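First up is the structure itself, then whatever we jot down about it.
The values are calculated or read from the model by the stated rules, or taken from the named source; none is laboratory data. All of these numbers come straight from a predicted model, not from anything done at the bench. Glycine gets a Cβ as well: all are built from the backbone with ideal geometry, and neighbour counts include every protein chain shown. Ligands, DNA and RNA are excluded from the accessible area calculation, which covers all protein heavy atoms including side chains. Shrake-Rupley method; radii C 1.70, N 1.55, O 1.52, S 1.80 Å.
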Amino acid sequence: AMEFSEFKTLAEFADRMVDDFRANEEALRAEKDRAQMYLDTAGILFVVLDREGLVTLVNRKGCEVLGWPEEEIRGRDWFDTFVAPEDRPVAREAFRALLREGKGRIEEGENRVVNRSGKLRLIAWHNTVISNEGGRVVSGVLMTGDDITERRETEQRLQRSQRQLQQTQKMEAIGALAGGIAHDFNNLLGAIIGYTELYKEQVQDRPKVYGAMEQVLTAANRAKDLVQQILSFSRMAEQEKRAVALFPILKEVAKFMRASLPATIEVNLSLNATVDTVWADPTQMHQVVMNLATNAGYAMKKAGGVLQIALNEVPIGPDDEALRPGRYLDIVVTDTGHGIQKELLERIFEPYFTTKEKGEGTGLGLSVADGIIREHGGRIKVYSEVGKGTVFHVLLPLIEQRAEEERKAEEEPATGRGESILTIDDEQSLVNMGKLILEDLGYRVTAESDPVRAVALFRQDPQAFDLVITDKTMPRLTGFDVAREVRKIRPGIPIIICSGIKEQEDSDRQSEMGIIHFVTKPLTKHVLARTVRLALGKGAAAPSSQA
């Protein structure tokens, strides 16, 4: 400390005082600049607020994150200007609580800030009270923050990937289970369909019984389609496309939706196209339309509304980049529900994305539907407005060929001319039923439930049989094993293999072994009759002379 006695005059004392003040001021400025340099080189945000929440200091990182220069940030209300509106009440209350607690209080938390371009950044904050006069006076709050936006997005992507992996593993388990279910369930359905078809013609004079048996067949065939949907969904079944009429599918979906939806939802069907045939897998077409109709009903379950299912014919020109030019059928599913937000509309076809409550949806329906339609050469397009509803357009290439179902309805089941057939199935009820149906069609039948015994029987007299029909999945010998053995004994013998599932490897083996006919169970009388005639037409030209 200086004393006045050291100086000769008052002026000398005053000059020295000014010099010392300037030196201290420069030292303080240098210290401040050094502190600012440290703050600016830090990789985290530094923001100081006064007691009113106004910004008094911000470092370079803070300016980068917020997108504003320092001079435009300082002096502004932090919460009203930079904190996301949804986070402001909680953030401001935490700030006030920090001021009330005073010295020693530290607050940690996360909130979102809005940068100059309007984008949100998620910041993890570590907030400390600034006090002076021995901690008696709180002057503000120092906030240090880490921008964790990318880190959190990465974590969320990882979580989504883990959920997708879990769903994928679940679907693989379902697929494995589906194979076993399909085999056993299709055997049961085969017996139901076979015996009903076999005996319903005998009760035509009893309309009620005949009508009831027709309903049994309809229900059993729908159950057959449902099994195929499970197999298709789990990617176990190879798809078989053919000419398919859409009118019956849309009528059936509309009928089902009327029965299953509450009375507050009106279901309308409008079939405006003059033709209705596409080249497709019928089960998958039913699956797609059912999914869209079910989603539409879900969107209206609270307030009610109108579900419209329509079929129109539309031309697609060269301007449409997604589709080849030509004539298309447009399946239109419209609802008057709550609509889909614009930001969600872009994600609805993502696997596992769903807006439904937990337990009400897997997020796979639209993703699978989109994949099915693309694989069929079409596209799904969607238009939606919040509060007004949603419209889905399913565009599929139109073909002029008549649907196979229409041709079948006009055809009489092909009958036999006394040919001899060896039929093999490890399910005894199907062995008995198959024997009855084939005999009813005019064939002579030897039926076996043991494939080893059947091969031995064939070996005893290979010329006694004109055709072998065998199940694929059996103990001891599979259907392909049976086919291989009988072809060793008698090359060229026509063979039909039956299975609840047709996988890609089945097609490969079928082609490799020269087996022309592979049919999926459960078999209807019509399909069995037609397949047998085709097989015999390509095999034995005349029936054998032995039983």
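Residues are listed down the side, and each one gets a yes or a no for (1) hydroxyl-bearing (Ser, Thr, Tyr); (2) part of a loop (DSSP other than H, G, I, E, B); (3) surrounded by 15 or more Cβ atoms within 10 Å (Cβ to Cβ); (4) modelled with pLDDT of 85 or more:
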position: Ala176; (1), (2), (3), (4): no, no, no, no
position: Gly180; (1), (2), (3), (4): no, no, no, no
position: Asn187; (1), (2), (3), (4): no, no, yes, no
position: Ile192; (1), (2), (3), (4): no, no, yes, yes
position: Ala212; (1), (2), (3), (4): no, no, no, yes
position: Arg222; (1), (2), (3), (4): no, no, no, no
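Mind telling me which of the residues Lys408, Lys472 ends up being at pLDDT below 90, over 20 Å from Asp184 (Cβ atoms) and not small (Gly, Ala, Ser)? Step through it out loud before you land on a result.
Numbers: Lys472 fails: over 20 Å from Asp184 (Cβ atoms).
So the residue among Lys408, Lys472 that is at pLDDT below 90, over 20 Å from Asp184 (Cβ atoms) and not small (Gly, Ala, Ser) is Lys408.
Name the one entry in Leu477, Leu422 that is outside any loop (DSSP other than H, G, I, E, B) and either touching a Phe, Trp or Tyr at 6+ places or on another chain (Cβ under 6 Å) or surrounded by 16 or more Cβ atoms within 10 Å (Cβ to Cβ) (or both). I'd like the intermediate steps shown before the answer.
Numbers: Leu477 fails: outside any loop (DSSP other than H, G, I, E, B).
Leu422 is the lone residue from the list that is outside any loop (DSSP other than H, G, I, E, B) and either touching a Phe, Trp or Tyr at 6+ places or on another chain (Cβ under 6 Å) or surrounded by 16 or more Cβ atoms within 10 Å (Cβ to Cβ) (or both).
Only residues that are surrounded by 11 or more Cβ atoms within 10 Å (Cβ to Cβ), assigned to a strand (DSSP E or B) and among the charged types (D, E, K, R): list them for segment 70-121, please.
Within segment 70-121, Asp77, Glu107, Glu110, Arg112, Arg121 meet the criteria.
Tell me whether segment 260-277 contains one or more residues that are modelled with pLDDT under 90, at negative phi and in a helix (DSSP H, G or I).
yes
Within segment 453-474, count every residue that is part of a loop (DSSP other than H, G, I, E, B), among the hydrophobic types (A, V, I, L, M, F, W, C) and touching a strand residue (DSSP E or B) at 6+ places or on another chain (Cβ under 7 Å).
Number of matching residues: 1.
Which one is nearest to His526 (Cα to Cα) among residues in segment 430-451 that are more than 44 Å from the chain's Cα centre (by Cα) and in a helix (DSSP H, G or I)?
Asp440
List every residue pair whose Cβ atoms sit under 8 Å apart, with the two residues 6 or more apart in sequence or on different chains, where the first one lies in segment 113-133 and is modelled with pLDDT under 85 and the second, anywhere, is open to solvent by less than 30 Å² (accessible area, probe 1.4 Å).
Every condition considered, the pairs that remain are Ile130/Val48; Ile130/Val138; Ile130/Gly140; Ile130/Val141; Ser131/Gly102; Ser131/Val138.
Would you check which residues across segment 274-299 are aliphatic (A, V, I, L, M), in contact with a Lys or Arg (Cβ under 9 Å, 6 or more places away or on another chain) and open to solvent by 30 Å² or more (accessible area, probe 1.4 Å) and list them?
Val275
Which residue pairs have Cβ atoms under 8 Å apart, sit 6 or more places apart or on different chains, and have a first residue in segment 227-252 that is in a helix (DSSP H, G or I) and a second that is at pLDDT below 60 and crowded, with 18+ Cβ neighbours inside 10 Å?
Gln228/Ala237; Leu231/Ala237
Could you list, in sequence order, all residues of segment 134-151 that are farther than 21 Å from Cys63 by Cα and either at pLDDT 90 or above or out of contact with any helix residue (DSSP H, G or I) (no Cβ under 7 Å at 6 or more places or on another chain) (or both)?
Within segment 134-151, the first condition is being farther than 21 Å from Cys63 by Cα, and the residues that meet it are 134-139.
Answer for segment 134-151, where residues must be farther than 21 Å from Cys63 by Cα and either at pLDDT 90 or above or out of contact with any helix residue (DSSP H, G or I) (no Cβ under 7 Å at 6 or more places or on another chain) (or both): Gly134, Gly135, Arg136, Val137, Ser139.
Do you know which residues across segment 480-502 are open to solvent by 50 Å² or more (accessible area, probe 1.4 Å) and not in a helix (DSSP H, G or I)?
Scanning segment 480-502 gives Pro491, Gly492.
Mind listing whichever residues of segment 313-333 are open to solvent by less than 40 Å² (accessible area, probe 1.4 Å) and either closer than 30 Å to Glu266 by Cβ or assigned to a loop (DSSP other than H, G, I, E, B) (or both)?
Within segment 313-333, Val314, Gly317, Asp320, Leu323, Tyr328, Leu329, Asp330, Ile331, Val332, Val333 meet the criteria.
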